[in-house]
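Undergrad: Let me begin by handing over the structure; questions about it come next.
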Amino acid sequence: MTESASQVLTVTELNRMARNLLERSFPLFWIAGEISNLTRAASGHWYFSLKDASAQVRCVMFRGRNSYLDWVPQEGDKVEARAVVTLYEARGDFQLTVEFLQRAGLGSLYEAFEKLKAKLQSEGLFDKERKKPIPEHPRQIGIITSPDAAALHDVLSTLRRRMPNIPVIIYPTPVQGKGASEKIAQAINTAASRNECDILILCRGGGSIEDLWQFNEEVVARAIASCPVPLISGVGHETDFTIADFAADQRAPTPTGAAEMATPDRSALLARIHLLQERLNRQISHQLQQKMQTLDFLGRRLLSPSQQVTQKSAYLLQLELRYKASIAKTLETYQQRVRNLAQNLNHLNPEAVLSRGYALVYNESDQLIHSVNQVAIGENVRIILSDGKTLAKISQK
């Protein structure tokens, strides 16, 4: 086989090499053009061409990418696409794979947005310390929006559902079009100067970045920052962010969300009150039961006057009996002690031995004779016996 024959490529190999070369040579970039031949396939992929006055290029935006867009392009729209160059190998078609798509001119708008955001942030307009707390129970709510806006209907419906007794004041202002930003700022200043509401809601429905641009103007941001009344920004959809959102005291994802943040939920409050009422009823019932039991206990101890007299009489009689028994016992104790003492005394009495045949002999000097040496022959002595006395004379010793 010749050298030239060994280098022959298949169509598949050629297209794959071309695709790899294109993808390496053209990193992700921005391209502007007008949409034509737009087709939305059943698979969810978009196929279209981008063209200018002299040329066009085929494009594809797969479903995984276009599902993130909050708008749908139309035929003839001027757009800016962020894309990579590739080759559809099956047909050998040169094409762009679009990663992101936006309306033409948005690049400059985003640049202006980021520039103003950085400026106001450096001045401290977005600092948390500047944010005013949202009152939990407002007495009156102000709404700054267009009277014809669909967002106003959503906000009013939500307020009526959550807390219908709160009065609402509407500060009308255009929210789109030339000069709308100055009028929005003027409405905010008017609401602030009248100072008749506890909360202000600045709201507008969703839209493109151009539709919401009035809320990205510096005059609106400064009016919000200087407003002494707490202000909730409910502009656009959840994915939309404006300068007004950063300057506001609180940002809501939607106008309906702003209304929910501004009011307590009547149903939740009623449920809470019902719960507290049940808890209070249970506590009162428990206390009453305790008091009734105490009352029953005291009632059993409480006696009528007649019962009290009878009870006191019985008590006095019991005391009398106990007193007499105590006295009798005491007397018996003392009597026993006297008997014991008398018995002991009787045992010690020298005359007690006389009953057993003994006698006491006294001389003429009335001294008790203990020895024969105490008497002399012829001396008279006195003899005491158990039943009397007698006299005798000593005749012998």
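The values are calculated or read from the model by the stated rules, or taken from the named source; none is laboratory data. It should be emphasised that the depicted structure is a prediction, and the values quoted were computed from it without experimental measurement. We place every Cβ from the backbone using ideal geometry, glycine too, and count neighbours over all the protein chains shown.
Undergrad: Of G76, G44, which residue is modelled with pLDDT of 90 or more, in a loop (DSSP other than H, G, I, E, B) and outside the structural domain of G236 (by TED's automatic domain parsing)?
TA: Exactly one of G76, G44 is modelled with pLDDT of 90 or more, in a loop (DSSP other than H, G, I, E, B) and outside the structural domain of G236 (by TED's automatic domain parsing), namely G44.
Undergrad: Here's a follow-up. Select from the range 17-39 the residues that are part of a strand (DSSP E or B) and closer than 17 Å to Q102 by Cα and list them in ascending order.
TA: Matches in the range 17-39: F29, W30, I31, A32, G33, E34, I35, S36, L38.
Undergrad: Can you pull out the residues in the range 80-118 that are out of contact with any helix residue (DSSP H, G or I) (no Cβ under 9 Å at 6 or more places or on another chain) and buried (at least 17 other Cβ atoms within 10 Å of the Cβ)?
TA: Correct list: A81, A83, Q95, L96.
Undergrad: Do we find a residue being among the β-branched types (V, I, T) and outside the structural domain of A192 (by TED's automatic domain parsing) anywhere in the range 269-285?
TA: Yes.
Undergrad: Out of all the residues in the range 218-230, which are free of Cβ contacts under 8 Å to residues at least 60 places away in the same chain and buried (at least 20 other Cβ atoms within 10 Å of the Cβ)?
TA: Once the filter is applied, which keeps residues that are free of Cβ contacts under 8 Å to residues at least 60 places away in the same chain and buried (at least 20 other Cβ atoms within 10 Å of the Cβ), the range 218-230 yields V220, A223, I224, C227.
Undergrad: Now, a different point. So, of the residues in the range 243-278 that are under 18 Å from the mean Cα position of the chain (by Cα) and charged (D, E, K, R), which turns out to be nearest to E218 (Cα to Cα)?
TA: Among them, the one singled out is D265.
Undergrad: Sticking with this structure for a sec: Among the numbered criteria (1) outside any loop (DSSP other than H, G, I, E, B); (2) modelled with pLDDT under 95; (3) of a type outside the set (S, T, N, Q), which single criterion is violated by A223?
TA: Among (1) outside any loop (DSSP other than H, G, I, E, B); (2) modelled with pLDDT under 95; (3) of a type outside the set (S, T, N, Q), the lone unmet condition for A223 is (2).
Undergrad: I've got another one for you. Which condition does V60 not pass, out of (1) surrounded by 16 or more Cβ atoms within 10 Å (Cβ to Cβ); (2) farther than 25 Å from T239 by Cα; (3) β-branched (V, I, T), if it passes all the others?
TA: Evaluating V60 over (1) surrounded by 16 or more Cβ atoms within 10 Å (Cβ to Cβ); (2) farther than 25 Å from T239 by Cα; (3) β-branched (V, I, T) leaves (2) as the failure.
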